[in-house]
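The values are calculated or read from the model by the stated rules, or taken from the named source; none is laboratory data. Keep in mind that this is a model prediction, so the values were computed, not measured. Using ideal geometry, Cβ is built from the backbone for each residue, glycine included, and neighbour counts are taken over all protein chains shown.
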Amino acid sequence: MSQDQQAKNNGQAGASQVAHHLTTRQGQPVHNNQSMRTLGNRGPAVMENYQFLEKIAHFDRERVPERVVHARGAGAHGVFEAYGTVGKEPASTYTRAKLFQEKGKQTPVFVRFSTVIHGGHSPETLRDPRGFAVKFYTEDGNWDLVGNNLKIFFIRDAIKFPDFIHALKPDPVHNRQDGGRVMDFFSNSPEVMHMITWLFSPWGIPANYRQMQGSGVNTFKWVNKAGEAVLVKYHWEPLAGVKNLTQKEAEAIQAKNFNHATEDLYTAIEAGNYPQWELFVQIMSDDEHPELDFDPLDDTKIWPAEQFPWLPVGKMTLNRNPENYFAEVEQSAFGPGVIVDGLEFSDDKMLIGRTFSYSDTQRYRVGTNYLQLPVNAAKTHVGTNQRDGNMTYKLDVPAGVNPHVNYEPSSLNGLREVPQTTVVYEPTYAAAKIVRQSIDRTNNYQQAGERYRSFEEWEKEELISNLADTLKAAQPAIQQRMVEHFYQCDEDYGRRIEEKLKEVKEAGVIA
Ligand code: HEM
């Protein structure tokens, strides 16, 4: 008699059936999943109802707070392969980060793409920047490159971020996004002009996640073995080419499918059509560059490619879908403060603000021990004296280390500091007053005007129409202020917005 047969005869399940057995999380078999325990079959229910209470209590807690921004997202696993070079030079000239050193060196990655403003199930066709966050699981620990598809941002000082997001989120009274509030904030923050010139053009609605660019947006640094630093910008270029949507095309998709980008990414990877991006850097010496008409630390500016060429450093391929959306995508946690040796922060005020915000929100959103979750955990040695807290899953104590010692220093075989073998990067600062001031070279309009002039006629039409469509909801004084900003970017830009706005107001609807 087989073991299965024997087990059946004994009234037990065979090994092959056990896999399908429904149990509680305590491992107890569930024999009736249809009825709770009640006093008689008409109730009332009794408190000794563990199976029911566990099921409902867990259901009640199925959501963690969604991200305050970038709530709607899709993710995938993959690999980054280094070229070993930065353009034609060895990577080591500029950075000692191990993942870039050798040609063909592979580093596993997890990527999350997202939209910014609206909630977890909002349409993926909305005009919005797209998040492009990459977690590199390097041998020196994790590096998160948390970027967007567009190369610049709306504001340049982190203290403005909550106001900026509040203006774009739904109105706190009636819970609808309101172009009047959006334009109110924009009209009082002229540094947004360059970004909105991109955003209201077709670039504001990427066709999908596979065919969009990515950018670190903020300025970072690279540090080499000698401890010398340069300023860098990161850019991802999709090998499938860039594809954007007009407003009408987006509306046609949205009428039938509000998950099109998630669907596109998932089905492409399932079909073996793996999305790929090449990673480029732009490099500048680490100083203020007074010869430029912008500050290299200003994230509202593009570094002109003619002066600062895009240098290829590697290629990324996404080749595996998550097995579980919540566990891997929803709980993934990225932060611009997460870097490895050979990479550094610049003094970019937005970047410094960001380095605090992400891990702070993740401790609240996912929990104190979010870094123990598989998608967030480093795939290298981890040894810490951090203990306890909500959802502690394991001890970060490797075999051979005394588990009684959760402090350092200790002479009882606890964790010890790692000897420093690289030259420490120690930037120096000239004596300066601590102030609350904007940077000097704001130059809010020039690159916006250049961008406008670079568009083809159909793109200009799209831009003007999309801007007027949002601007029509604003009060006349705000409209006037915005028109003045557009004139400062470019005479033709201002005139066409002014005319379109008049036309829209007269018609009462947008064409
Ligand atoms: C001071 C300015 C900024 C602040 C304070 C800020 C803050 C945040 C916060 C709190 C989150 C939610 C993180 C989470 O819950 O896991 C987030 C997500 C994100 N932010 Fe920012 N952000 C800022 C600017 C930017 C900029 C300039 C970019 C583009 C380079 C950017 C790209 C992203 C991306 C891609 C995500 C989603 C990450 C993911 O997929 O989980 N943010 N940001």
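Side notes on the structure shown:
- In the stretch 310-335, the qualifying residues are those that are away from the ligand (no atom under 16 Å from the Cβ) and among the β-branched types (V, I, T), and the one that is surrounded by the most Cβ atoms within 10 Å (Cβ to Cβ) is V313.
- Pairing each residue of the stretch 146-174 that is more than 12 Å from the ligand (Cβ to nearest atom) with any residue that is β-branched (V, I, T), provided the two are 6+ apart or on different chains, yields C-beta distances under 7 Å for A167/V182; L168/I117; L168/V182; K169/I117.
- You will find that of K248, K225, K233, K301, the residue that is charged (D, E, K, R), more than 25 Å from G78 (Cβ to Cβ) and crowded, with 22+ Cβ neighbours inside 10 Å is K301 and no other.
- Considering residues of the stretch 79-115 that are aromatic (F, W, Y) and part of a strand (DSSP E or B) only, the residue farthest from Q331 (Cα to Cα): F80
- Among the residues of the stretch 336-357, those that are surrounded by 21 or more Cβ atoms within 10 Å (Cβ to Cβ) and near the ligand (Cβ under 8 Å from one of its atoms) comprise P336, M350.
- Any chance K135 is outside any loop (DSSP other than H, G, I, E, B), modelled with pLDDT of 95 or more and either within 27 Å of M183 (Cβ to Cβ) or within 8 Å of the ligand (Cβ to nearest atom) (or both): no
- Just one of (1) away from the ligand (no atom under 16 Å from the Cβ); (2) under 24 Å from V340 (Cα atoms); (3) surrounded by 17 or more Cβ atoms within 10 Å (Cβ to Cβ) fails for N406. It is (2).
- Residues in the stretch 100-123 that are under 17 Å from L318 (Cβ atoms) and in contact with a Ser or Thr (Cβ under 8 Å, 6 or more places away or on another chain): T107, F110, R112.
- Condition check for G342: touching a Ser or Thr at 6+ places or on another chain (Cβ under 8 Å), of a type outside the set (K, R) and at pLDDT below 95: no
- Single unsatisfied condition, Y452 versus (1) hydroxyl-bearing (S, T, Y); (2) without any contact (Cβ under 8 Å) to a residue 40 or more places away in the chain; (3) touching a Cys at 6+ places or on another chain (Cβ under 7 Å): (2)
- Selected residue [surrounded by fewer than 19 Cβ atoms within 10 Å (Cβ to Cβ), within 16 Å of the ligand (Cβ to nearest atom) and basic (K, R)] from R112, R63, R130, R72: R63
- From the options K225, K248, K221, residue that is touching a residue at least 40 places away in the same chain (Cβ under 8 Å) and not in a strand (DSSP E or B): K225
- Cβ pairs under 6 Å, 6+ apart, first in the stretch 62-76 and at positive phi and touching a residue at least 24 places away in the same chain (Cβ under 8 Å), second near the ligand (Cβ under 10 Å from one of its atoms) and part of a loop (DSSP other than H, G, I, E, B): H70/V116
- Residue check for S357: out of contact with any His (no Cβ under 9 Å at 6 or more places or on another chain) and part of a loop (DSSP other than H, G, I, E, B): no
- Exactly one residue out of A432, A377, A399 is within 16 Å of the ligand (Cβ to nearest atom) and either of a type in the set (F, W, Y) or not in a helix (DSSP H, G or I) (or both): that is A377.
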